[in-house]
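Read the structure below first, then the notes.
Derivation of every value follows stated rules applied to the coordinates shown; laboratory data play no part. Please read these numbers as outputs of a predicted model, since none were measured by experiment. When we count neighbours, we look across all protein chains shown, and the Cβ atoms used for this are built from the backbone with ideal geometry, even at glycine.
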Amino acid sequence: MPARSEAQQKAAGAALAAKRGETRVADLQGASKEMYDTMSEAELEAFAATSHDDLPERKDD
C-alpha cells in the first residue's frame, strides 16, 4: 500500500528505522510511534518506499 502524503512516507521511514534498530524507539513521536506499534516491517517498507515526487506534503482529510 503506498503512502498518500510526504508526511506519511517520512513517518513510515522513521518507524522502519526504529524497527530495524537503526534509531531509538524512544525518539519516535506522533504518527511514526503509532506506525511502529501497529505495523509490520513489510508494511512499513511499502509505505517508506513510496516515491514522494507526486505526493502532497500533507493529505487533506
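At-a-glance table
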item	result
GNM top mover of Glu45, Glu22, Glu34 - the chain, alpha-carbon springs below 10 Å	Glu22
Over segment 6-48: Kirkwood hydrodynamic radius from C-alpha pairwise inverse distances, Å	9.6
Net dipole in debye of the chain [+1 Lys, Arg Cβ; -1 Asp, Glu Cβ; about Cα centre; nearest 20]	200
Computed [θ] at 222 nm, deg cm²/dmol, the chain (DSSP H ≥ 4; -39,500 (n - 2.57); rounded to nearest 500)	-14500 deg cm²/dmol
Proxy reagent accessibility, fewest Cβ within 10 Å first, across Thr38, Thr23, Thr50	Thr38, Thr23, Thr50
Amide hydrogen neighbours beyond the local backbone of Thr50, cut-off 5 Å, H modeled	Ala3
